[in-house]
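Chemist: One structure, as structure tokens, below. Some questions next.
The values are calculated or read from the model by the stated rules, or taken from the named source; none is laboratory data. What you see is a predicted model, and the numbers here were worked out from it, not measured in a lab. We place every Cβ from the backbone using ideal geometry, glycine too, and count neighbours over all the protein chains shown. Heavy atoms of the whole protein, side chains included, go into the accessibility calculation; ligands, DNA and RNA do not. Shrake-Rupley method; radii C 1.70, N 1.55, O 1.52, S 1.80 Å.
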Amino acid sequence: VGLHDHGFWRPKSLLDTARFTLSFNSRHRKNHQDSQALWKHEAVQKYLMALSKEYQQVRHLLNADSLNDFEQRTLRRRCADLSPIAAAFQEIKEAEREVQELEAMCTELDSRDEKQLLELALEEKETLHQKMNMMCRKLFQLLVPKEKYDRSPVILEVTAGRTTGGDICQQFTKEMFEMYQNYADYKGWTFDIVNYTPAEIGGLHHAAAHISGENVYKHLKYEGGTHRVQRIPETGMSSRMQRIHTGTMSVIVLPQPEEVDVKVDSKDLRIDTFRAKGAGGQHVNKTDSAVRIVHLPTGLAVECQQERSQQTNKEIALRTLRAKLYQQIIEKQLSQEQSARKLQLGTRAQSERIRTYNFTQDRVTDHRISYDARNIKEIISGKEALDKLINRLLEFAEIEAVTQYLENLQALEGGGC
């Protein structure tokens, strides 16, 4: 806590708190495969100790009788910010001491050839390591600034790519859309289809869904990009010759805050109606209930064909159009934020190939974090295996964010700020 020139107490920002030399570089960064690796770095320890010390100082100052109401409120806010960080820091320190005691015990048991007890001690040590990794991740989540749209629902769109493999892209696009639908169910989210354009041979050309629930954008924001599939088609000449085909599909994830305040002038819109093409009940192909809206100034086009009512489809399409227009504003803000904090997860450009699903080798590779996962069927099912992969991405992003944040501190220190 610092004293303002006019005698008011103000909390120091996190940038003012820690004064130390940081030694992160690309070589160190590659070694940060999990949260515990970053936790052990000397710079992180010094930074957390500085925050813990500041927390004790703030608590001490809160007991002073000379503070006025403004100073009390300011200190309480700062105390509330630092309290969970200081508590997590101490909790991990205690767990670290327990690990050291277990290591000493394992050494002693090994020397006495107490195999059964040694096995139990090693199991307890492994459990404690896993617990520590979870605690470290929780701590870094407290340190990393929350992204503005993490709690927002999203519009998720999938589009089949093009390949000489015929329907391989459309089939893969359908599988991916169903994967995200199953994942939404697994997470307890609401998944409302707003557009569905099937391909002639059972696949999917394009589809979009509105997904709402707890922290939807946080979990899906790194799914945007190009997904590649490598597999032997089930039918045709390639299947008989066992030839592997490569195809792609793209995913777009648009955060959609509950209140999207984007003014759309009706004269800037071209609204077309047509008959729905997808599965949706008896009304399909009998009434012109489907709606396509084109925003003339930008060329953005959206469709909705899932409801029986043309008016309802129009309202949903307008909501989606506003979300897309608002996305242009969001993307500008995100690019500005990431110019100072570029994660190794990539640029989030939709053209970027982010993941490969190799069916012949039963392997999924996320290229941004060099992570391989086996059992494609488990991942495509959209449940625990996909959740594990997504959480691995989130953990990596958190580690990168903390690393970059501390590098920014070093830059401030070097600049004499």
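Chemist: Can you tell me, using C-alpha contacts under 8 Å and at least 6 residues apart, the relative contact order of the range 35-143 as a whole percent?
Modeler: On the way: 62 pairs, mean separation 38.2, N = 109.
With pairs under 8 Å counted, the relative contact order is 35 percent.
Chemist: A further question on this structure: Which one of GLN72, ALA43, LEU117 has its Cα pushed farthest toward the positive end of the charge dipole of the range 35-143, where Lys and Arg give +1 and Asp and Glu give -1 at the Cβ?
Modeler: Most positive-ward Cα: GLN72.
Chemist: Could you order the peptides 217-228, 290-301 from most to least packed, using the average number of other C-beta atoms within 10 Å per residue?
Modeler: On the way: 217-228: 21.2, 290-301: 16.1.
Sorting 217-228, 290-301 by mean packing, highest first, produces 217-228, 290-301.
Chemist: Label ILE329 and ALA37 with points 7 Å out from Cα along Cα→Cβ: what is the distance between them in nm?
Modeler: 4.0
Chemist: How long are the three semi-axes of the equivalent ellipsoid for the range 89-221, computed from the Cα gyration tensor as the root of 5 times each eigenvalue, in whole Å, largest first?
Modeler: 48, 22, 11
Chemist: Label-point separation (nm) for ALA104 and ARG243, each offset 7 Å from Cα along Cα-to-Cβ?
Modeler: Each label point lies 7 Å from its Cα, and together they span 6.8 nm.
Chemist: Rounded to the nearest 0.05, what FRET efficiency do ASP268 and ASP150 have when you use their Cβ-Cβ distance and R0 = 35 Å?
Modeler: The value I calculate is 0.65.
Chemist: Could you work out the local net charge near GLU384, counting Lys and Arg as +1, Asp and Glu as -1, over the other residues with Cβ closer than 12 Å to its Cβ?
Modeler: Neighbourhood net charge equals +1.
Chemist: Using per-residue counts of other Cβ atoms within 10 Å, averaged over each peptide, order 156-162, 264-270 from highest down. Working shown, then result.
Modeler: Working: 156-162: 20.0, 264-270: 10.3.
Ranked from most to least packed, the peptides come out as 156-162, 264-270.
Chemist: Once you place label points 7 Å from the Cα toward the Cβ at GLN116 and GLN72, how far apart are they in nm?
Modeler: Placing both labels 7 Å beyond Cα along the Cβ direction yields 6.2 nm.
Chemist: So, one more: For GLU315, GLU71, GLU234, give me the order by solvent-accessible area with a 1.4 Å probe, most accessible first, ignoring ligands, DNA and RNA. Working shown, then result.
Modeler: Working: GLU315 105, GLU71 15, GLU234 170 Å².
I get GLU234, GLU315, GLU71, largest accessible area first.
Chemist: Further question on the same structure: Would you mind computing Rg(Cα) / (2.2 N^0.38 Å) for the range 35-143, counting N as its residues?
Modeler: Expressed relative to 2.2 N^0.38 Å, the Cα Rg reads 1.46.
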